[in-house]
Amino acid sequence: MQDDSRNHDRDVSTEEDLSGPAAAQKIADLVKAGNSCFFCTLGIGSQLHARPMTVIEVDDGGTLWFFTEIDSLKNIELDRDPRVTLFFKEGDNGGHLKLDGNVAQVTDKATIHRLWSPKLRAWFTEGEDDPRICVLRVDPISGEYWDTRGGSLVAGLKMLFGAITAQRVDEGVHGHLKL
């Protein structure tokens, strides 16, 4: 009988829990790499309602900002329950991020002006003075992340090497976030 010393079930990722400013920086780094997410609210009957959205900005405290229409279904759902879960994926071999937080709906002109980008005219045809604009401020409370070491190209090469050699490879870093 052949002794197979490889343990196929072992965890080859490193655990690294982060809090405070380190957690906020990890959020900014992972969101910057893939700024689109599934923005999930609680819909009717407590069903999870997910839709793709793009982050406009992540500030130094880890707060995320999104543009939406003030009369959208998501805003109606947020009126009932301001809790959200966001799911980010950098790419096929990149990092992943899940955030749980609370949302505030912001309509003040100064915030809209600060975050405005001309490409938003595709949705808000009247520009930054469009009366339908609402900015969603997501204040993360906690989260979980899976981050590759060396970026998605290195992760892809490691996976290819693992497939060729039939060996588990370093899967990167996993951790919990507390803000």
The simple spin-label model distance between A110 and A22, using points 7 Å out along Cα→Cβ, in nm, is 3.4
By a straight-distance test (C-alpha under 26 Å), which lysines pair with K26 as possible cross-link partners, with residues fewer than eight away in the same chain excluded?
K89, K98, K158, K178
In terms of Cα to Cα distance under 27 Å, which lysines are near enough to K109, apart from those fewer than 8 places away along the same chain?
K32, K74, K119
Note, ³J(HN,Hα) from phi for the stretch 134-146, Karplus 6.51, -1.76, 1.60, rounded to Hz, x at Gly and Pro:
9, 9, 9, 9, 9, 9, x, 10, 7, x, 8, 9, 10
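The numbers here are math on the coordinates, done by the rules we state, and not lab data. This one's a predicted model, so the numbers in the text were calculated from it and none came from an experiment. All Cβ positions, even for glycine, are placed from backbone atoms using ideal geometry, and neighbour counts span all protein chains on display.
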